[in-house]
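Chemist: Sharing a structure with you now.
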Amino acid sequence: MKIAFYGSSLVSAYWNGAATYYRGLVRALAQKGYDITFYEPDVYDRQKNRDIDPPEWCKVVVYQGTIEALKEVTAAAAEADIVVKASGVGFEDDLLLQEVLRHARQRALKIFWDVDAPATLSELRQSPEHPLRKSLSRIDLILTYGGGNPVVDAYRSLGAADCVPIYNALDPETHHPVQEEARFTADLAFLGNRLPDREARVEQFFLEPAARLPQQKFLLGGSGWSDKALSSNIVHIGHVPTRDHNAFNATPKAVLNISRASMAENGFSPATRVFEAAGAGACLITDYWQGIDLFLKPGDEILVARDGQDVADLLAGLTWQQARAIGQRALRRVLAEHTYSNRAETANAIFRARATRAEAAE
């Protein structure tokens, strides 16, 4: 089956947190025989900051950030058996959805793939005339990368025919254990860009514990933090390229996951970095969110903190030996249950079942 996938970017992770998710799922689906073309706009300097070349397992079509180019690439939706419009593409999203639905064949499976359901649902609730909300009756399926039953129920209440979470996962070919690198040595490391709805939680779960533990070293990676007041035991290293993520995760004693506020409130939304870090054998400390135990066992495969004091207490009592043992247990768990191959099995079963139903209805 042919899939036309309209998303933010497959070849660039630059200000594009969904890149790892897209790559893992698209490659795993391609391995199951799907013929996939990924359409992405040339916006936000992403093409100037590519971190992978177009892969052999997926055709990538980059189009200019113009209305004319958008309309040209959406016409290709007519050739696909499955048409996917992702959230947060970054250029004329409402028009992109309208054009994709206009061109898709009647028999094609039409999917809205939401990579930020809490934000999307907030918009839909506030605006009854939102283009996506008005288009739900024309969309066959909502897929989300997190959210669990709260997101499923919310989408159905707004009129979606169905909603299924396809969670983040690990791509073991990309994220895996590597040799430690001295430049990433620390007691606790955090990697994340400075975002308005996460900054307060970074202050609580990372900056405050650093101030409480002046004898320990904290490592901060990500863009936007250069003018932030940091205690002297925090080393800010700026943007960390994708190629360095494995070493960044494998080297410190522990790695911190901090959810955006909306994700934490919604629950059942493990960030991509949870699986990236676990795949590298890192000892993860995460802020609390409902549903953690569906993915990793608290206290055994992952450490859970409800506030900055918890983070400080966990670090103060954590030995390097204990940290490495937790990381190895997390690695075994994600390799067994939480790879993109596992997620592609779920997506493939959904696609095949719907194709069978469509054929039977004819």
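Chemist: Efficiency by 1/(1 + (r/R0)^6): what FRET value for Lys2 and Ala261, r their Cβ-Cβ distance, R0 = 35 Å, to the nearest 0.05?
Modeler: Efficiency computed from Cβ-Cβ geometry: 0.35.
Chemist: From the residues Pro214, Asn16, Val84, which one has its Cα farthest along the dipole of the chain in the positive direction, the dipole being from +1 and -1 charges on Cβ of Lys/Arg and Asp/Glu about the Cα centre?
Modeler: Ranked along the dipole, the leading option is Val84.
Chemist: Heavy atoms only, 1.4 Å probe, whole protein assembly: order Met263, Met1 by accessible area, highest first.
Modeler: So the residues, ranked largest to smallest area, are Met1, Met263.
Chemist: Show Trp289, Trp320 ordered by accessible area, largest first, where the area counts protein heavy atoms only and the probe is 1.4 Å.
Modeler: Final ranking, largest accessible area leading: Trp320, Trp289.
Chemist: Still on this structure, I have one more. When the solvent-accessible surface of protein heavy atoms is calculated with a 1.4 angstrom probe, in what order do Glu337, Glu180, Glu276 fall, highest first?
Modeler: Correct descending sequence by accessible area is Glu180, Glu337, Glu276.
Chemist: With every protein chain present, what is the per residue accessible area of the chain (1.4 Å probe, Å²)?
Modeler: Heavy-atom accessible area per residue stands at 42 Å².
Chemist: Calculate what fraction, in whole %, of the accessible area of the range 111-212 sits on carbon and sulfur atoms when a 1.4 Å probe is rolled over the protein chains.
Modeler: Answer for the range 111-212: carbon and sulfur cover 46 percent of the accessible area.
Chemist: Defining a contact as two alpha carbons under 8 Å apart and six or more residues distant in sequence, what relative contact order in percent does the chain show?
Modeler: Result for the chain is 14 percent.
Chemist: Subtracting the Cα-Cα distance from 0.36 nm times the residue separation, let me have the gained length for Arg243 to Gln31 in nm, one decimal.
Modeler: Computed gain between Arg243 and Gln31 is 74.0 nm.
Chemist: Let me ask something else. Fully extended, how many nm does the chain gain between Ile67 and Arg50 (0.36 nm per residue separation, minus their Cα-Cα distance)?
Modeler: Full extension from Ile67 to Arg50 adds 3.8 nm.
Chemist: Exceeding 25 Å between C-alpha atoms, which entries from my cross-link table qualify? They are Lys48/Lys217; Lys2/Lys48; Lys48/Lys253; Lys110/Lys134; Lys32/Lys134; Lys71/Lys110.
Modeler: From Lys48/Lys217; Lys2/Lys48; Lys48/Lys253; Lys110/Lys134; Lys32/Lys134; Lys71/Lys110, over 25 Å: Lys48/Lys217; Lys2/Lys48; Lys48/Lys253; Lys32/Lys134.
The values are calculated or read from the model by the stated rules, or taken from the named source; none is laboratory data. It should be emphasised that the depicted structure is a prediction, and the values quoted were computed from it without experimental measurement. Here Cβ is always computed from backbone atoms with ideal geometry, including for glycine, and neighbour counts include all displayed protein chains. Surface areas here come from the heavy atoms of the whole protein model, side chains and all, with no ligands, DNA or RNA. Shrake-Rupley method; radii C 1.70, N 1.55, O 1.52, S 1.80 Å.
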